[in-house]
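Take a look at the structure below.
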Amino acid sequence: MDRLNRIQNIAVNTIDKNICLSAGAGTGKTKVLTERFLNILKNGNLTKGYELEEILAITYTNKAAFEMKSKIKGALSKSKDNKLKDIYKFFSNAQIFTIHAFCGELIRKYPLAVEVDPEFEICEPLEAEDILRDATNTVLKKYENDMRLYELLMELSEIDIRKFSDAIISLYDDLKNKSYSIDEISFKNSEFLNEISKIKTDFSTLIYWIHELGNHKKLASNSKFRKLYAGDDIKKFFESPNFDFFEKIRSCVQDSKNKEIYEIMGKIRLEMLRLELVNEPKNQKYYELITDILKDIEIEYTFKKREKNYLDYEDLQKYALKILNSEIDIEYKYIMVDEFQDTNKIQTEILKKLTNNLSDNVNLFVVGDAKQSIYGFRGGDLSQYKKFVKEMESKDCISLDMNENYRSSSSLIESFNELFPKILGEEYTNLNANLKGDEKIKILEFCDDSKESVVAANYIDSLIKAGIDKKDIAILFRTAKNMESFESELISRNISVNNTAKKFSEFREIRDIIVLLKALSNNRDILNILAYFKSPLVGLSENSIFKLALRSKDTDILNFELEKELDDRDKELFNNGISKYFTLREYKNVLTLSEFIAMVVKELRCYEIFRMCFGKNSILNIDKLILLSNEFEKKSLNLEEFINYVQNVVLDGEKTEDAVTLMTIHKSKGLEFDHIILSDFKKNLLKKPTENIIKIGENGLGIKIKNRESKYYFIIEAEKLNELEEERRIFYVAATRAKKTLTFLSCKYKEKEDIEKGNENNVKNSYHELLKNTQFNNLKIISPSYEEVLRNSKPNIFEKLNMIGDFENNTLIRDEYFDRNKQFRYYSASGYMAFKKDPVSFYRTYILGDEIEYKPEGSEYEGIDPIKRGIIVHKYAQFCPSDIDEFLKRELEQNDIAVTNYVLDLLKDRIKNVDKSQRGTILHREYEFYYPVKNGIINGFIDQIREVNGDIEIIDFKTGHLTKESIEYYKLQLQIYTRAYESISGKHVKSAILISLADNTEHEIDISKTSVDNTIADFEKFIDFVETHDKIENYY
């Protein structure tokens, strides 16, 4: 797009009237902003010599501000216009800021107006959180003898003062995020109290809906509500309605798989909440207590920030508005605001002040798009944007709509124009395509939710092989939660990745090195010393860390004598950890900063350990850390200052140039890629309600006190509605990032599984459901077979594990570790069990590589080789193919097994039992792990990992019958799996279960800590034996 279209031309060249520009996705908004700024410089009513000072441009992000400055500066530098050439010389005076940067500049210019030190520093969110917590704790101590607080905590029986403190901090953040003042909340509380005093307690509507539900033909005969409705208690309630019975009713109307029943239940719940509002006055004294506490926290928090000469982001806006409300004249002649749909109340107030309440003296140009308002969690308020636009229109501004799209192909635009009017309603106006392209929106299906990253990687691999550059591909996520599995899968295939979700200091290897540096900087920093001992750099168990934490209260834990109190496996680790700690403390006093960081990396073998634990990208991050230390020591040699610098440094410029991008939808806003892949397509969009016991909304505060929580739940319902509306817009933003292709990742069976488990909300509240409800069918469905997934699902072991040759020539670490690892062995649980059963057979199979007949415990022939039978059934459990007959015939043919009815029936019987055994949520299928023990690494696959009622279960399928002997035999395997999964995931395994698919029996295995410790210790002895005995006679 070189020339301006008609609407763009009006937006750029009309500089004597206020303009409100609605800019759809990909319509050239950035070009318009840049060209308008240049046109104002050239033709605007500006004071000579002060042109740049009289134009204010406000953008949403630092990146957008930088890009606008760069484009304008570039255009000025190339201009042949003498006036613009002169202005270019003073471009450093350009007033192009984010809203917070503008407020900061204003405060530094007029500090006396708000009694602020002009040398103030911005308090970053993490530090602000610490100061706020300190202020809250100080204030709550003053309220220890306040009977209102005592009575409130008594009513909130499960909440102690610590949890109450957390609730108050969360409430304070929410208050500021929504731009409410404390006085405003107090007023809303009183106003609402007056309103509910007019409510009459009339149970007739509730009773009507109870009868509607009780007589509904689709209400299950064995449902809880049906039993309640047929009982005597409900009849007594009808005769004499009362609030005490609500709890019984509520327990019976929580969920239903039937849509009609569910809707009636919702009306019953809502009516009970409405009726219970009459109890709200009893909460008023607690609301007064909470607002009193909030006012005191505001004073204390401000005082503590002033002590450090800090202002937080909220302060910047508040003080800027105060300056604008004073008699100081702030005169801009032209103001431009980008991304205005993400504004909030205080920002609109600032803008009104800057424009003298939208007077003709200041020309205002705002750009926004209601469809792209997606920052509610940061305080963005679409209603404020709409209200401001209406006010501008009432004062005769020009309203323009840009709908010529210069980003997406004609096929995609055609699809958007059919989809989004049904999803967004009147907010959506059709886009006009300007680029050719006939690729339909794709649905990439797969059958196992745990294989989503594999399927995505397969697809990306095919794009790259077709000649598409990696930098033109992006995977978008609703949240950053699953990015790591995608990153790992792509890296295992040598596909470079830019994971945009992580700050540099959040990478695990950098985090662990920072922990150590903090511990080295302060030998009294108990928390970081313990974190160092727990990290992979030392590797102490949770039990030993707990013991050290207890002893830290009365002794120095950097004490070799404490070895006696630790678990046996941890004694040597502990001693080594302390020795290295003291060695590094000595180096700290004699080396420069960069030399010291390099020594830390060398002494603790950071490259090797983190490469093993976190993947080869950790090597690059450690290299970056060393480079940072080289650069930083030019400014300072202080270790504490360097730690602080690393924790706050932004390394976006360090991303790999040609790499697949992984990012959240929010981060993708304003960007575009040729090929967009959307994950989380069937994910429940609604966040779980926060556990905070106090909420804030349009009607003031709500508190979760039994039988008096109606207002609290009404606030939650309002939040849900806002969330759902915003999620529709987030879906629009995600889709419109695509230039050539748009692909949705979709698990075939997730919808069915969610419904069967009663998780209908996961189905109803998903992007998949939004798409489905539009009845849009101009889609291309890609459904790879399970063989295609399997073919690519197992990473190349050499690529994944071999650390030799992965390092650059200038790598700092070169020691004997690499020589040892050239013959490093990876041990499996099955190899260990084979050794326990028959050492000679183990030697021949695992050492010599002989193919000998091996019969697992509990196996029987039954017309098919038990090992092949197990492989086929396990493959079914992993991929769940829809056509079982086709699957079995293909597998039997590939394994050279005759396809007979007997064999088919036998396998189908085992498969049927796989399906029967399912329960809870399957977190992983065929979960591969690499778990380091003292003298080696255990590699294995866990058949299934489930979450059942919040507990983790490990499942191992056996296709034969299980005897007492075979259960004892396989027990070792599940104990190893338990320890490995707990160590890798950090989650506690509640139970480990052997399932015989021959007779569908389940056998729970002993996974107590003692039993598992014994098995792991025995496994380490097994490794020691194998590593030191290389002749077959040693195995007899």
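We did not get these values from a lab; they are worked out from the coordinates using the rules stated. What you see is a predicted model, and the numbers here were worked out from it, not measured in a lab. Reconstructed Cβ throughout: ideal geometry from the backbone, glycine too, with neighbour counts over all protein chains shown.
For helix 617-632, what angle does its Cα long axis make with the longest principal axis of the chain, in degrees from 0 to 90 and rounded to 10?
That works out to roughly 50 degrees.
Per residue of region 1016-1028, in order, report the coupling 6.51 cos²θ - 1.76 cosθ + 1.60 (Karplus, θ = phi - 60°) as ³J(HN,Hα) in whole Hz, putting x for Gly and Pro.
Those phi angles translate into 5, 4, 5, 5, 5, 5, 4, 5, 4, 5, 5, 5, 10 Hz.
Which distance in nm do the two modelled labels at residue 393 and residue 999 give, with both placed 7 Å along the Cα-to-Cβ direction?
7.5
Report, to one decimal in Å, the Kirkwood hydrodynamic radius for region 114-225 based on all distinct Cα pairs.
Result for region 114-225 stands at 19.4 Å.
Using modelled amide H (1.01 Å from N, peptide plane; none on Pro or chain starts), what sits under 5 Å from the amide H of residue 744, excluding residues fewer than 5 places away?
Residues meeting the criterion, in which the H sits 1.01 Å from N, are 442, 443, 444, 678.
Compute the acute angle (0 to 90°) between the alpha-carbon long axis of helix 884-894 and the principal axis of greatest extent of the alpha-carbon atoms of the chain; round to the nearest 10°.
50
For residue 638 and residue 912, what is the calculated FRET efficiency with R₀ set at 56 Å and r taken between the beta-carbons, to the nearest 0.05?
0.25
Once the Cα atoms of helix 382-394 and of the chain are each reduced to a long axis, what angle between those two axes, in degrees from 0 to 90 to the nearest 10, is obtained?
With both axes taken from Cα atoms, the answer is about 20 degrees.
With a cut-off of 8 Å between alpha carbons and a minimum separation of six or more residues, what is the relative contact order of the chain in percent? Display every interim value, and only then the final one.
Values: 1384 pairs, mean separation 131.1, N = 1036.
RCO, the chain: 13 percent.
Could you check the simple spin-label distance between residue 587 and residue 190, using points 7 Å along Cα→Cβ, in nm with one decimal?
Placing both labels 7 Å along Cα→Cβ, they lie 6.6 nm apart.
Test of understanding: what is the full-extension gain from residue 572 to residue 527, defined as 0.36 nm times their sequence separation minus their Cα-Cα distance? Walk me through the numbers before you get to the answer.
Numbers: separation 45, 0.36 × 45 = 16.20 nm, distance 2.12 nm.
Roughly 14.1 nm would be gained on extension.
Compute the Rg/Rh shape ratio of the chain: radius of gyration over Kirkwood radius, all on alpha-carbon atoms. Don't skip to the end; give the middle numbers.
Working: Rg = 32.7 Å, Rh = 33.5 Å.
Rounded to two decimals, Rg/Rh equals 0.98.
List the residues of region 23-66 whose backbone N lies under 17 Å from a point placed 7 Å from the Cα of residue 105 along the Cα-to-Cβ direction.
The answer is 34, 37-38, 40-41, 47, 49-66.
Assuming R0 = 45 Å, can you tell me the calculated FRET efficiency for the pair residue 299 and residue 494, based on Cβ-Cβ distance, to the nearest 0.05? Before the final figure, lay out the partial values.
Numbers: r = 58 Å, r/R0 = 1.28.
That pair, residue 299 with residue 494, gives E of 0.20.
How much length is gained if the chain between residue 838 and residue 248 is pulled fully straight, taking 0.36 nm per residue apart and subtracting their Cα-Cα distance, in nm to one decimal?
That pair, residue 838 and residue 248, stretches by 206.3 nm at full extension.
State which entries of 868/964; 109/387; 285/711; 31/63 exceed 20 angstrom in Cα-Cα distance in the structure shown. Spell out each step's value before the answer.
Working: 868/964 23 Å; 109/387 31 Å; 285/711 15 Å; 31/63 15 Å.
Exceeds cut-off: 868/964; 109/387.
Relative contact order for region 507-654 using alpha-carbon pairs under 8 Å, separation at least 6, rounded to a whole percent?
Averaging sequence separation for qualifying contacts and normalising by length gives 25 percent for region 507-654.
So for 147, 612, 336, 265, fewest C-beta neighbours within 10 Å to most, what's the order?
Values: 147 9, 612 18, 336 25, 265 22.
Lowest to highest Cβ neighbour count: 147, 612, 265, 336.
How many nm separate the modelled label positions at residue 631 and residue 418, each set 7 Å beyond the Cα in the direction of the Cβ?
4.9
Each residue of region 187-199 in turn: what ³J(HN,Hα) in whole Hz from Karplus with 6.51, -1.76, 1.60 and θ = phi - 60°, glycine and Pro shown as x?
Along region 187-199, the couplings run 5, 4, 4, 5, 4, 5, 4, 5, 5, 6, 5, 8, 6 Hz.
Name the residues whose placed amide hydrogens come within less than 5 Å of the amide hydrogen of residue 739, ignoring near sequence neighbours (fewer than 5 apart) on the same chain.
Residues meeting the criterion, in which the H sits 1.01 Å from N, are 673, 674, 675, 676.
Please sort by residue number the GluC sites (Glu not before Pro) in region 230-308 whose DSSP state is loop and whose Cβ has at most 10 other Cβ atoms within 10 Å.
Here no loop site has a sparse enough neighbourhood.
Residues with amide H under 5 Å of residue 992's amide H, sequence separation 5 or more or different chain, H placed in the peptide plane at 1.01 Å from N; which?
When sequence neighbours closer than 5 places are left aside, the close amide H contacts are 954, 1005.
Stretched out fully, how many nm does the piece from residue 445 to residue 1024 gain, at 0.36 nm a residue minus the Cα gap?
203.8 nm
Provide the per-residue ³J(HN,Hα) series for region 455-466, in order, calculated from phi with Karplus coefficients 6.51, -1.76, 1.60 and θ = phi - 60°, each as a whole number of Hz, with x at glycine and proline positions.
Karplus-based 3J(HN,Hα) across region 455-466 equals 4, 4, 5, 4, 5, 5, 4, 5, 5, 5, 5, 7 Hz.
Taking R0 as 51 Å, what FRET efficiency do you get between residue 90 and residue 403 from their Cβ-Cβ distance, rounded to the nearest 0.05?
For residue 90 and residue 403, the calculated efficiency is 0.85.
Which of the three applies to region 296-381, rounded, prolate or oblate, going by the alpha-carbon gyration tensor with a ≥ b ≥ c and a/c under 1.5 meaning rounded?
Cα axes put region 296-381 in the oblate bin.
Kindly identify region 826-1032 as rounded, prolate or oblate by the Cα gyration tensor criterion: order the square roots of the eigenvalues as a ≥ b ≥ c, call it rounded if a/c is under 1.5, otherwise compare a/b with b/c, prolate if a/b is larger, else oblate.
oblate
Zone of residue 215 (label point 7 Å along Cα→Cβ, backbone N under 19 Å): which residues in region 234-263?
Residues 234-240, 260-263 fall inside that zone.
From the cross-link list 481/704; 295/345; 345/682; 837/987; 163/386; 669/772, which pairs have alpha carbons spaced over 27 Å apart?
Correct reply: 481/704; 345/682; 837/987; 163/386.
Loop-only check: which trypsin sites (Lys or Arg not before Pro) in region 83-143 are DSSP coil with at most 14 other Cβ within 10 angstrom?
89
Note down the net charge around residue 933, summing +1 for each Lys or Arg and -1 for each Asp or Glu among other residues with Cβ under 10 Å from its Cβ.
+2
Using a ≥ b ≥ c from the Cα gyration tensor of region 426-508 (square roots of the eigenvalues), is it rounded, prolate or oblate, where a/c under 1.5 gives rounded and otherwise the larger of a/b and b/c decides, a/b for prolate?
On the way: a/c = 1.72, a/b = 1.43, b/c = 1.20.
The shape class here is prolate.
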